[in-house]
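The values are calculated or read from the model by the stated rules, or taken from the named source; none is laboratory data. Predicted model, so just to flag it, every value in this text is computed and none were measured. Please note: Cβ atoms are built from the backbone with ideal geometry, for glycine as well, and neighbour counts cover all protein chains shown. To get the accessible areas, we keep the full protein, side chains included, count just its heavy atoms, and leave off ligands, DNA and RNA. Shrake-Rupley method; radii C 1.70, N 1.55, O 1.52, S 1.80 Å.
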Amino acid sequence: MWMNLNTMICTRFAPSPTGYLHIGSVRTALYCWLFAKKNGGKFILRIEDTDLERSTQEAVNVILDGMNWLGLSWDEGPYYQTARFERYKGVIDQLISTGHAYKCYCSKDRLEKLREVQMLKKIKPKYDYHCRHQVPENTPADAPFVIRFKNPLDGFVTIEDSIKGKIEIANDELDDLILARTDGSPTYNLSVVVDDWEMGITHVLRGDDHINNTPRQMNIFHALGAKPPVYGHLPMILALDGKKLSKRHGAASVLEFKEAGFLPHALLNYLARLGWSHGDQEIFSIEELIEFFDTHRINAAPAAFNPEKLLWLNQHYIKTYSVEVLLPHVAYHFEKLGLDLSKGPSLADIILVQKERVKTLKEMAEKSACFYSELVYEPMAKEKFLNAQAKKILKVIYHNLDNLQNWEKEDLHACVQHTMQEVGVKMPELAQPLRVATIGDTTSPSIDSTLMLLGREKTLARLTQSIQLITE
Ligand code: GLU
């Protein structure tokens, strides 16, 4: 395909702020971002907030927070369509004066009746061009009107879709769509074209729920004497049950994934692979994604969201990221749990011990809460492990720990080994009561790491408390 090499590639993400930011939309944003980056182009963020009733500031914030969290930085914007109404009006006037648009005075009533008749005749409901050629007789001067686009009556629109291939639509299938409502406000199809045109968008990647809009938008481009962008329509993301992924299936909004303890890189890697491939490769750095991304390798068929695979990737990145990189992400989850970090080990120590053991950062914070909060026993574990036999063992380990010179992992390990021999028990018989006595439950990192994280003072104080609790 011919391409002007002097034209800078420009993509955009154009969400409507009417709810949460669905991860299907995030995948669209990611692909637009990657495509722009790969081609040394520009990525624009545009908030399509023309639906005044459904758009909210809260939803705008969710979009901005989600994009920032993921690191999908935009080169321009965010532009807000509500700030551009005057510009849309100007283009509508231009289309009227060039004969590409007209005022339509048809009442709702008339249009409803027209529709009913067409339905009865089993023909596709469509505007009957009543006002296309002239203003109907006896129309009062102040009669309300909408502005309709004069769609070409014959010929075809051809979309060279970069994902789905060539799609042809006959113009007589398309309506004279409304460009401006009776109150003068522009409709989605008009404002999108004006923006894509004026913002110099060269490539539009969006969900295939918009595919019916594309021939209409291309016709408006042509009427403006402009070249439409290259379009690519992404198939939707399905849940494992084959239905469109929604909240019913668990998390569907990007910030829910943040709250659930996913790393942004894991989610980006997962979404990149969901519907796109580069050989068999599963793990991609962001640089690799930029380097390898190619719209021709996007799958035209819908992809199924697999939470297990996302968890696997998240675990991979938790394991392989350095402590420094993980720190701010982990800190977020500790703060969320209300843990006072001054009351326990350093986060860096926690991460070092826990990073091999968890699949999410939320899990890391939850499993580390015991090091910062008061000792709370899990009732079943307490019942099972804090018994008379354990009391004897706990007294010995208390004594040995109390005499320990250094509270380092190796020393603690040696101390535990030595105590096992001294009282003649195997690891579980010592470690499990010791865990319950110090952190309240039976699951924790290795016993030496647990004691190291807890620190001398807390370990000994909690052991005392637990020993006193056990009645012989
Ligand atoms: N604002 C539209 C949406 O959120 C997207 C428009 C477009 O990509 O052309 O569905």
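The condition of being open to solvent by 50 Å² or more (accessible area, probe 1.4 Å) and within 16 Å of the ligand (Cβ to nearest atom) holds for LEU52. Of the helices (runs of 4 or more DSSP H) lying entirely inside the range 236-306, those containing at least 2 residues that are modelled with pLDDT of 95 or more, more than 24 Å from PHE35 (Cβ to Cβ) and out of contact with any His (no Cβ under 6 Å at 6 or more places or on another chain) span 254-259.
Yes/no matrix, rows are residues, columns are (1) within 11 Å of the ligand (Cβ to nearest atom); (2) out of contact with any helix residue (DSSP H, G or I) (no Cβ under 7 Å at 6 or more places or on another chain); (3) over 20 Å from PRO229 (Cα atoms):
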position: GLY40; (1), (2), (3): no, yes, no
position: GLU48; (1), (2), (3): yes, no, no
position: GLU58; (1), (2), (3): no, yes, yes
position: LEU95; (1), (2), (3): no, no, no
position: ALA101; (1), (2), (3): no, no, yes
position: ARG110; (1), (2), (3): no, yes, yes
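Of the listed requirements (1) within 30 Å of ARG462 (Cβ to Cβ); (2) touching a residue at least 60 places away in the same chain (Cβ under 8 Å); (3) open to solvent by 30 Å² or more (accessible area, probe 1.4 Å), ALA301 misses just one: (1). If we scan the range 268-276, do we find a residue that is free of Cβ contacts under 8 Å to residues at least 60 places away in the same chain and either open to solvent by 40 Å² or more (accessible area, probe 1.4 Å) or of a type in the set (Gly, Ala, Ser) (or both)? Yes, because at least one residue in the range 268-276 is free of Cβ contacts under 8 Å to residues at least 60 places away in the same chain and either open to solvent by 40 Å² or more (accessible area, probe 1.4 Å) or of a type in the set (Gly, Ala, Ser) (or both). One residue alone among GLY279, GLY261 is among the small types (Gly, Ala, Ser) and crowded, with 21+ Cβ neighbours inside 10 Å, and that residue is GLY261.
Residues in the range 88-134 that are acidic (Asp, Glu) and touching a residue at least 12 places away in the same chain (Cβ under 8 Å): ASP128 alone. Every listed requirement among (1) within 43 Å of the chain's Cα centre (by Cα); (2) part of a loop (DSSP other than H, G, I, E, B) is met by LEU451 save one, (2). Cβ-Cβ distances below 8 Å connect the following pairs, each with a first residue in the range 200-218 that is over 25 Å from LYS150 (Cβ atoms) and part of a loop (DSSP other than H, G, I, E, B), a second residue that is within 11 Å of the ligand (Cβ to nearest atom) and of a type in the set (Val, Ile, Thr), and a separation of six or more residues or different chains: THR202/THR11. Residue count for the range 385-409 satisfying the condition of being of a type in the set (D, E, K, R) and free of Cβ contacts under 8 Å to residues at least 24 places away in the same chain: 0. Against the conditions (1) crowded, with 16+ Cβ neighbours inside 10 Å; (2) away from the ligand (no atom under 16 Å from the Cβ), THR139 satisfies every one except (1).
Here is a check on your reading of the model: is PHE85 in contact (Cβ under 8 Å) with a residue 24 or more places away in the chain, closer than 30 Å to LYS166 by Cα and aromatic (Phe, Trp, Tyr)? For PHE85, the condition - in contact (Cβ under 8 Å) with a residue 24 or more places away in the chain, closer than 30 Å to LYS166 by Cα and aromatic (Phe, Trp, Tyr) - is not met.
Can you find a residue that is in contact with a strand residue (DSSP E or B) (Cβ under 8 Å, 6 or more places away or on another chain), farther than 15 Å from TYR80 by Cα and of a type in the set (Val, Ile, Thr) anywhere in the range 16-33? Yes.
With respect to the conditions (1) within 30 Å of GLU288 (Cβ to Cβ); (2) within 14 Å of the ligand (Cβ to nearest atom), ASP65 lacks only one, and its number is (2). Residues being at pLDDT below 95 and outside any helix (DSSP H, G or I) are represented in the range 227-235 by at least one member. Being modelled with pLDDT of 95 or more and more than 19 Å from PHE371 (Cα to Cα) narrows it down to one residue among GLU472, GLU410; which is it? Checking each option against the conditions leaves just GLU410.
The rows are residues; the columns are (1) at pLDDT 95 or above; (2) within 38 Å of the chain's Cα centre (by Cα); (3) open to solvent by 50 Å² or more (accessible area, probe 1.4 Å).
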residue: GLN57; (1), (2), (3): yes, yes, yes
residue: GLN81; (1), (2), (3): yes, yes, no
residue: ARG87; (1), (2), (3): yes, yes, yes
residue: VAL91; (1), (2), (3): yes, yes, no
residue: ILE96; (1), (2), (3): yes, no, yes
residue: ALA101; (1), (2), (3): yes, no, no
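What tally of residues in the range 163-175 results from selecting those that are open to solvent by 30 Å² or more (accessible area, probe 1.4 Å) and assigned to a loop (DSSP other than H, G, I, E, B)? Residues that pass the stated criteria total 2.
Could you please find all residues in the range 238-259 being aliphatic (A, V, I, L, M) and more than 12 Å from the chain's Cα centre (by Cα)?
Across the range 238-259, the qualifying residues are LEU238, ALA239, LEU240, LEU245.
For (1) assigned to a loop (DSSP other than H, G, I, E, B); (2) touching a residue at least 40 places away in the same chain (Cβ under 8 Å); (3) under 22 Å from LEU274 (Cα atoms), each residue gets a yes or a no:
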{"position": "LYS309", "(1), (2), (3)": "no, no, yes"}
{"position": "LEU313", "(1), (2), (3)": "no, yes, yes"}
{"position": "HIS316", "(1), (2), (3)": "no, yes, yes"}
{"position": "VAL325", "(1), (2), (3)": "no, no, no"}
{"position": "PRO328", "(1), (2), (3)": "no, no, no"}
{"position": "HIS333", "(1), (2), (3)": "no, yes, no"}
{"position": "GLY338", "(1), (2), (3)": "yes, no, no"}
{"position": "PRO345", "(1), (2), (3)": "yes, yes, no"}
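Please find, within the range 179-207, the residue that is farthest from the ligand (Cβ to nearest atom) out of those that are surrounded by fewer than 20 Cβ atoms within 10 Å (Cβ to Cβ) and over 28 Å from GLY24 (Cα atoms). That would be THR182.
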